[in-house]
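Every read-out reported here was derived from the displayed coordinates using simple, explicitly stated rules and does not represent laboratory data. It should be emphasised that the depicted structure is a prediction, and the values quoted were computed from it without experimental measurement. Positions of Cβ are backbone-derived with ideal geometry, glycine not excepted, and every protein chain shown enters the neighbour counts.
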Amino acid sequence: MSQSVNLTNRQQQVLWATIRHYIATAEPVGSEALVKDYNLSVSSATIRNAMAALEKGGLLFQPHTSAGRVPSDSGYRTYVDQLIVPSNNLTQQVAHLLNDRLNSEDWSFEALLRGAAQILATVSGYITLITTPQTRTSHLRHVQLVPVDARRVMLIFVTDSYETQSALIELPPFADAAELDSDLLERELQILSNFLNSQLRGRAIAELATLDWSELDREFERYADLLRTILVELTRRSQPPAPTQIVISGLAEVLRQPEFSELQQVQTIIHLLEEEQHQLVPLIFERSDLLHPSNSEKPRKRVTIRIGAENPLKPMRTCTLISSTYHKDSVPVGSVGVLGPTRMVYENAIALVEAAADYLSEALSTQPSS
């Protein structure tokens, strides 16, 4: 999870220009290049000082002593969270492209997935990954909150298939904790359990992440954080089996990137895509991300962005994965993502993924029920 980095306006300008230049050239960036190519209206010495401060803050680094600087994963994270806006024009262009080239009325949904993957790979230059829709959906039958001690509660829930799961959850700190004795806690948790059952029974568990708790009764306000934790646990613990297929396109495109010029790097990526899809699927289609739409402090619809070392799988730690869920009747059933080097045109990749997810959601809503 990223932390907000406080930069001066000058440092923001220099970081933005450095990353843009590195994305375009794949070469370490020096102050002279920024003076020449960007209208920063300051001297080369001022830019060098700003770059030195950014390096000290861990946002840039020097690959070699005599070289210019390149962005770190933290630098890209700050760039994504604070310095860019996804391209609305590109979102609209891709939406038109998908509608023009694909036929959602006459094609099977699998054919639409393959067509969309090819278009995204061609436009982005990155690997496109789209999970086939997950049609098996668990519904909630019963939920119960049982106090364990003064700090913890046991969440127990039962699905419509009578599968039972449980999880220990830390209670949030209460301002009047001294007055909240065990009997009162038990009574309040029972009332909260009754409320949850009245609101959630029969709902698809995948749908819970989209519920609005803003009108929660005043008596339950103290449990707002607990409710959010409960929803995370319900969605995470009820993940269905991994879809049997990920539609993959664009490997040839991404091999043109200099980051993939080494054979070993290419082999590890290919092995992951072909042999280890069961590890890859949860990263692309993780529905609990809907509660935290991205690592950014500015949520961008349904986009999740994992940069470099933020990816748990070793072959992906020189890559960025940007993904977004697509839906059927407001329930997330699959995901579309792009995988490329961390030296990625982020604002374009975000726009592409959002456009494709919206298109697939709309197309799936028009598909006849099986």
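Data for the structure
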quantity	calculated
Distant-in-sequence amide H partners of K328 (H built 1.01 Å from N, under 5 Å)	V333
Residues with amide H under 5 Å from that of S72, placed H, sequence gap 5 or more	L60, F61
Under Karplus coefficients 6.51, -1.76 and 1.60, residue-wise ³J(HN,Hα) of segment 318-323 in Hz, glycine/proline x	10, 10, 10, 10, 10, 9
Peptides ranked, highest mean first, by Cβ atoms within 10 Å: ranges 122-132, 56-66, 25-35, 192-202	122-132, 25-35, 192-202, 56-66
Relative packing of 332-341, 139-148, which averages over residues the other C-beta atoms within 10 Å, highest first	332-341, 139-148
Among 163-172, 74-83, the order from most to least packed when residues are scored by Cβ within 10 Å on average	74-83, 163-172
Taking Y346, Y162, Y38 and counting other C-beta atoms within 10 Å, the order from fewest to most	Y162, Y38, Y346
Cβ-based exposure ranking for R306, R101, R114, in which fewest neighbours within 10 Å come first	R101, R114, R306
Residues M316, M51, M154, sorted so that the one with the fewest Cβ neighbours within 10 Å comes first	M154, M316, M51
Distance (nanometres) between label positions extended 7 Å along Cα→Cβ at N99 and E262	4.5 nm
